[in-house]
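Worksheet: the structure to be examined is printed underneath.
The values are calculated or read from the model by the stated rules, or taken from the named source; none is laboratory data. If you're wondering where the values come from, they're calculated on a predicted model, not measured in any experiment. Note: ideal-geometry Cβ built from the backbone for every residue, glycine included; neighbour counts use all protein chains shown. Protein only, heavy atoms only, side chains kept; ligands, DNA and RNA dropped before computing areas. Shrake-Rupley method; radii C 1.70, N 1.55, O 1.52, S 1.80 Å.
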Amino acid sequence: MRVNGRHYRTIWLEPRKKETIFSIDQTRLPHAFVIEELKTSADIESVIKNMHIRGAIVIGAAAAYGMYLATLEAPANEHFDAYVLEAANRLKATRPTAVNLAWAVERQWEKISRGTTIDEKISLALSTAMAVAAREEEACRKIGEYGLEIVKQIGGEKPGKTVNILTHCNAGWLACVDHGTATAPIYAAHDAGLKVHVWVDETRPWNQGARLTAWELGQHQVPHTVIADNTGGHLMQHGMVDLVMVGADRVTRTGDVANKIGTYLKALAAQDNAVPFYVAFPSSTFDWNLRDGVAEIPIEERDSGEVKKIQGKCGDEIKTVLLTPEDSPAVNYGFDVTPARLVSGLITERGVCEADERSILGLFPEHR
Ligand code: MRU
């Protein structure tokens, strides 16, 4: 992804400074583009908890780098493994819904524990962190290619006209290592010269859409319009949405999808209006152990202050203001589950499939 004309990943390591991880502070966007330097596994834990780094794919990559930093700070003696395992548990506990976090940490531990010396373990941790980031980047690029075919097909049904795509939250470049999940097909379509326009749900309470997706699309010059979260149903009733495309934080083997709170309501409206509803994600987002998303996917509950307050720019200052009566209680569920029956298709790095176990296992037979 390009920012002010320069290519960035959301998280990276510079070859000459191998003990520092660089990342973009998402809490400062869209008003400031700030790069942070992360030097310890505790730094990584903190930026994931505080959402400086957020989005299922990039939190997985960040946790993989966090494990690498844990190997650098672990005592070079018989306590090395115990230290790294403790860091693994702390990293896994930072956010409960996106399974990519546990996936990346477990992959790291499996590789690190193959090392026979401490130097070998550190070197395996570094190569695995870089491989996780590279794998996710490539998966998102492929999601873009497969999703482009869907946009092309819908575009083919209204020649010369703009394809209007509604998206929720930020399932973009910022939520991944590069390209995005739901936005990868949008960037691919725009780059291929197709006329696309994106309806960007603001995504209260944290406003990932209004703040991040709108900024990203703007950087890539993709036409877009920010809408209040409750607008999508009205747009669909009036034929103003051709396609809904969202990302995911955890998908069961039966195709139930956990994504940012509010996704389920968009899926209901899409079904009522016969608008295709696609979910784009790499295979690291599958939880192969789960079958019933509503009953089994853990839903993060965040600080109610995020609902009661809102942050924005006032003159040159970023301010947080109170929206609600001081004493009104609020509740803040971070995610909801869209049952597979409401999903038109899943876009993965291996292709597009239906949201059911047979079709998913057709693409991923190793999980039969
Ligand atoms: O709470 P967040 O901002 O981390 O939630 C992110 C989302 O729900 C995204 O839509 C999701 O991670 C899919 S994109 C990788």
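Overview of values
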read-out	value
Candidates LYS319, LYS308, filtered to the one that is over 30 Å from GLU138 (Cβ atoms) and crowded, with 16+ Cβ neighbours inside 10 Å	LYS308
Selection from the stretch 179-202 of residues that are away from the ligand (no atom under 12 Å from the Cβ) and not aliphatic (A, V, I, L, M)	PRO185, TYR187, HIS190, ASP191, GLY193, LYS195, HIS197, TRP199, GLU202
Sole residue being crowded, with 17+ Cβ neighbours inside 10 Å, assigned by TED's automatic domain parsing to the domain that holds ILE310 and touching a Leu at 6+ places or on another chain (Cβ under 8 Å), chosen from GLY155, GLY147	GLY155
Within the stretch 1-108, strands (runs of 3 or more DSSP E) holding 2 or more residues that are closer than 24 Å to HIS168 by Cβ	21-24
Which numbered condition PRO205 fails, given (1) within 15 Å of the ligand (Cβ to nearest atom); (2) part of a strand (DSSP E or B)	(2)
Single match in ASP191, ASP242 (criterion: in contact with a helix residue (DSSP H, G or I) (Cβ under 8 Å, 6 or more places away or on another chain) and at pLDDT 95 or above)	ASP242
Filter result for ALA133 (open to solvent by less than 20 Å² (accessible area, probe 1.4 Å), free of Cβ contacts under 8 Å to residues at least 60 places away in the same chain and within 16 Å of the ligand (Cβ to nearest atom))	no
The stretch 246-261 residues that are at negative phi, paired with ones that are of a type in the set (Lys, Arg) and within 6 Å of the ligand (Cβ to nearest atom) (beta carbon under 9 Å, 6 or more apart)	VAL246/LYS260; GLY247/LYS260; ASP249/LYS260
Number of positions in the stretch 50-64 that are within 18 Å of VAL34 (Cβ to Cβ) and not β-branched (Val, Ile, Thr)	6
One residue from THR10, THR20, THR71 being open to solvent by less than 50 Å² (accessible area, probe 1.4 Å) and under 17 Å from the mean Cα position of the chain (by Cα)	THR10
Strands (runs of 3 or more DSSP E) enclosed by the stretch 229-343 - at least 2 residues per element that are more than 16 Å from the ligand (Cβ to nearest atom)	309-314, 317-322
Cβ-Cβ under 7 Å pairs, at least 6 apart or on other chains, the stretch 346-368 side more than 15 Å from TYR146 (Cβ to Cβ), far side surrounded by fewer than 16 Cβ atoms within 10 Å (Cβ to Cβ) and not hydrophobic (A, V, I, L, M, F, W, C)	LEU361/HIS367; LEU361/ARG368
Subset of the stretch 113-130 [part of a loop (DSSP other than H, G, I, E, B) and either open to solvent by 60 Å² or more (accessible area, probe 1.4 Å) or in contact (Cβ under 8 Å) with a residue 40 or more places away in the chain (or both)]	ARG114, THR116, THR117
Selection count where residues are open to solvent by less than 10 Å² (accessible area, probe 1.4 Å) and either among the charged types (D, E, K, R) or farther than 14 Å from ALA171 by Cβ (or both), scope the stretch 268-283	1
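Let's see how each residue does on (1) within 16 Å of the ligand (Cβ to nearest atom); (2) more than 30 Å from LEU243 (Cβ to Cβ):
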site: THR71; (1), (2): no, yes
site: SER123; (1), (2): no, yes
site: LYS152; (1), (2): no, no
site: ILE165; (1), (2): yes, no
site: HIS168; (1), (2): yes, no
